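Undergrad: Before anything else, here's the structure in question.
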Amino acid sequence: MEFVLEIARVVLYVVGILAFVGFNASYLVLLERKGSARFQLRHGPTEVGPFGLIQPVADAVKLLCKQILIPKNVDVILFFMAPILVLLPAILCMVTIPFGATIAARNFNLGLLMVFAFAAFNVFGILIGGWASHNKYANLAAARVVAQNIAYEIPTLLIVVAVVMVTGTFNLQEIVAQQAGGFWRWNILRLDLNPLQPVAFLMYFICLLAETNRAPFDMVEAESELVAGAYTEYSGMTFGVFFMAEYTNIVLGCCVATVLFLGGWQCPFGLVPGPHWFLLKMYALCFTVIWVRWSFPRVQFYNLLNLSWKILIPVSLANIILTALMLKVF
Amino acid sequence: MRNTIQEIISGAYSLAVGMKITICNLFRPTVTLHYPHESATMPARFRGHVELACDPETGKPKCVVCMACQRACPSGCISLDGQKSESGKGKVLTAYSLDFSLCSLCGLCVESCKFDALRFSKQYNLAFTRREECTFNLLERAQVKK
């Protein structure tokens, strides 16, 4: 009986997470298109359905129906493995995200570690895709992405380590549970534990943008200089999967930020905690990601690395030392 | 060290200003038109192809077939024809054709008209696939418009 229940649970969550990922990928694209249009005083998609709400369906049909072109000299196995390698870890990480007090596929003790272990795979997929494409732009973009992701993985993990020092656990459910009470109990405002906590959140957000290869750090695509970067040779649904992976990674990053800093499914005023608060905070962060993209131009590659190595890493190290001191002294 | 910190703070401030500008834009009305459903209104001095002005009372073109516009046109793209009016006084326009493929929109015809019977239209989406289509029958157009 227990075995059957377990199977049912697995199926339920696989379907649920895939639906969540698919829904987010399609409707965040619409939000991005609508948002970018409104930021630039345009209309955006309006023709398909009321206010263009069915546009993602039209996009999906178009992508699915398009021919997948395989250029000469590509490494076919790696070429098709790359999009899967980018999307799969993001979906896997969703397993441990606590959407509510009782809504999580699995409550791992090392959930946070698992998320970051799998999230590191993302860059690997893009590198393989760029390499397998046998295209100079794709190769260049892949090399850049590796440099970028190594540079930003370090401050991300350093910031997370500081948070874990405060929480004392890798379990995402517990991290959220510790932030119960009100918004002053959220990690972002726990100035008694570490006065640099809001700065840490800001740095985490910057790293999130860089890790998910979003503008102004979208070196992977850099359409003004590298055609379409690592995705140059991808067409049809292979490109679609990369696209889905990008938005899934954004959602995942925002989920983790919500859990670590914004109190997960806790209510800011201690009233009716639940998944609605989680989704509200998560989508607010997603909107901010889109907002940032349409506000700033792409940074130069050297400045991108300078920002990480010269500013983010020293500050996040200082953040760790400060946290340790605060923990020891108080 | 001090310079670096100053740079970071001023940089962060300028980023915040940028984000404020975009979020303000989000709540401002759009400047683009929803083209096939809406089209722009042309400014008063916009020069489309010339068209015949009609008398608002009779609905007939004001043209008296004096041929001044035809003579004024440097490209020779206007040709018109008229016949004696039935009441015996003056002439009535029977044909007015404009070869738009030759017209340079110089406006000498409009200037030369002493009866305000010619004016620039505000029509801006014109497209042709054949050369013959560039020749407009302005009399017909004026009547369709009416």
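Results for (1) farther than 30 Å from residue B:118 by Cα; (2) away from chain A (no Cβ under 11 Å), shown as yes or no for each residue.
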position	(1), (2)
B:2	yes, yes
B:11	yes, no
B:14	yes, no
B:26	yes, no
B:36	no, no
B:48	no, yes
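Here is a yes/no grid of residues against (1) buried (at least 17 other Cβ atoms within 10 Å of the Cβ); (2) among the small types (Gly, Ala, Ser); (3) within 17 Å of residue B:5 (Cβ to Cβ):
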{"position": "A:286", "(1), (2), (3)": "yes, no, no"}
{"position": "A:290", "(1), (2), (3)": "yes, no, no"}
{"position": "A:299", "(1), (2), (3)": "yes, no, no"}
{"position": "A:305", "(1), (2), (3)": "yes, no, no"}
{"position": "A:311", "(1), (2), (3)": "yes, no, yes"}
{"position": "A:314", "(1), (2), (3)": "no, no, yes"}
{"position": "A:319", "(1), (2), (3)": "yes, no, yes"}
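Undergrad: From B:86, B:7, B:57, B:51, which residue is closer than 30 Å to residue A:216 by Cα and among the acidic types (Asp, Glu)?
TA: Details: B:86 fails: closer than 30 Å to residue A:216 by Cα; B:57 fails: closer than 30 Å to residue A:216 by Cα; B:51 fails: closer than 30 Å to residue A:216 by Cα.
After ruling out the rest, the residue left standing is B:7.
Undergrad: Separate question: Name every residue in segment A:20-60 that is of a type in the set (A, V, I, L, M) and either under 17 Å from residue B:22 (Cβ atoms) or more than 17 Å from the chain's Cα centre (by Cα) (or both), in order of residue number. Give the steps one after another, and end with the answer.
TA: Of all residues in segment A:20-60, those of a type in the set (A, V, I, L, M) come to A:21, A:25, A:28-31, A:37, A:41, A:48, A:53-54, A:57-58, A:60.
Those that are of a type in the set (A, V, I, L, M) and either under 17 Å from residue B:22 (Cβ atoms) or more than 17 Å from the chain's Cα centre (by Cα) (or both): A:30, A:31, A:37, A:41, A:48, A:53, A:54, A:57, A:58, A:60.
Undergrad: Still on this structure: Would you check if there is a residue in segment A:53-67 being more than 26 Å from residue A:27 (Cβ to Cβ) and either in a helix (DSSP H, G or I) or among the hydrophobic types (A, V, I, L, M, F, W, C) (or both)?
TA: No, there is no match, as no residue in segment A:53-67 is more than 26 Å from residue A:27 (Cβ to Cβ) and either in a helix (DSSP H, G or I) or among the hydrophobic types (A, V, I, L, M, F, W, C) (or both).
Undergrad: Those residues that are within 20 Å of the chain's Cα centre (by Cα) and either without any contact (Cβ under 8 Å) to a residue 60 or more places away in the chain or away from chain B (no Cβ under 13 Å) (or both), I need them from segment A:288-311; list them, please.
TA: Answer for segment A:288-311, where residues must be within 20 Å of the chain's Cα centre (by Cα) and either without any contact (Cβ under 8 Å) to a residue 60 or more places away in the chain or away from chain B (no Cβ under 13 Å) (or both): A:298, A:304, A:305, A:308.
Undergrad: Quick check: is even one residue across segment A:28-37 in a loop (DSSP other than H, G, I, E, B) and either within 14 Å of chain B (Cβ to nearest Cβ) or over 24 Å from residue B:29 (Cα atoms) (or both)?
TA: From segment A:28-37, those in a loop (DSSP other than H, G, I, E, B) are none; that's our starting set.
No, because not a single residue in segment A:28-37 is in a loop (DSSP other than H, G, I, E, B) and either within 14 Å of chain B (Cβ to nearest Cβ) or over 24 Å from residue B:29 (Cα atoms) (or both).
Undergrad: So, one more: I need a count of the residues in segment B:112-139 that are loosely packed, with under 12 Cβ neighbours inside 10 Å and either assigned to a helix (DSSP H, G or I) or free of Cβ contacts under 8 Å to residues at least 24 places away in the same chain (or both). Walk me through how you get there before you give the answer.
TA: Within segment B:112-139, the subset loosely packed, with under 12 Cβ neighbours inside 10 Å is B:114, B:116, B:125, B:127-132.
Retained after the next criterion (residues that are either assigned to a helix (DSSP H, G or I) or free of Cβ contacts under 8 Å to residues at least 24 places away in the same chain (or both)): B:127-132.
Count: 6.
So that you can scan it fast, the table gives a plain yes or no per residue for (1) exposed (fewer than 12 other Cβ atoms within 10 Å of the Cβ); (2) assigned to a loop (DSSP other than H, G, I, E, B); (3) outside the structural domain of residue B:131 (by TED's automatic domain parsing):
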site: B:5; (1), (2), (3): yes, no, yes
site: B:12; (1), (2), (3): yes, no, yes
site: B:22; (1), (2), (3): no, no, yes
site: B:45; (1), (2), (3): yes, yes, yes
site: B:75; (1), (2), (3): no, yes, no
site: B:82; (1), (2), (3): no, no, no
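Undergrad: May I ask you to say which residue of A:216, A:155 is under 19 Å from residue A:312 (Cα atoms) and part of a loop (DSSP other than H, G, I, E, B)?
TA: Working: A:155 fails: part of a loop (DSSP other than H, G, I, E, B).
The unique qualifying residue is A:216.
Undergrad: Further question: Would you mind telling me which numbered condition in (1) without any contact (Cβ under 8 Å) to a residue 40 or more places away in the chain; (2) surrounded by fewer than 20 Cβ atoms within 10 Å (Cβ to Cβ) residue A:281 fails?
TA: The failed condition is (2).
Undergrad: Say we look at segment B:96-146 and pick out the residues that are more than 21 Å from residue B:59 (Cα to Cα) and β-branched (Val, Ile, Thr); which of these is farthest from the chain's Cα centre (by Cα)?
TA: The extreme case among them is B:129.
Undergrad: Among the residues of segment A:257-275 satisfying the criterion of being part of a helix (DSSP H, G or I) and surrounded by fewer than 24 Cβ atoms within 10 Å (Cβ to Cβ), which is modelled with the highest pLDDT? Break it down into steps so the answer makes sense when it comes.
TA: Step one: of segment A:257-275, the residues part of a helix (DSSP H, G or I) are A:257-261, A:275.
Of the ones still in play, those that are also surrounded by fewer than 24 Cβ atoms within 10 Å (Cβ to Cβ) are A:257, A:275.
Details: A:257: 91, A:275: 85.
Of everything passing the filter in segment A:257-275, A:257 is modelled with the highest pLDDT.
Undergrad: Give me a count of the residues in segment A:276-311 that are of a type outside the set (Lys, Arg) and not in a helix (DSSP H, G or I). If you could, list the steps in order and put the result at the bottom.
TA: Step one: of segment A:276-311, the residues of a type outside the set (Lys, Arg) are A:276-280, A:282-292, A:294-297, A:299-309, A:311.
Right, trim to not in a helix (DSSP H, G or I) and you get A:294-297, A:299-300.
Result for segment A:276-311: 6.
Undergrad: Would you mind stating whether residue A:240 is within 19 Å of the chain's Cα centre (by Cα), crowded, with 17+ Cβ neighbours inside 10 Å and assigned to a helix (DSSP H, G or I)?
TA: So residue A:240 fits the description; yes.
Undergrad: Further question on the same structure: Within segment A:177-196, count every residue that is more than 9 Å from residue A:263 (Cβ to Cβ), surrounded by 20 or more Cβ atoms within 10 Å (Cβ to Cβ) and of a type in the set (A, V, I, L, M, F, W, C).
TA: The number of residues fulfilling the criteria is 1.
The values are calculated or read from the model by the stated rules, or taken from the named source; none is laboratory data. Because the structure is a prediction, the values reported are computed rather than measured. Note that each Cβ is placed from the backbone with ideal geometry, even for glycine, and that neighbours are counted across all protein chains shown.
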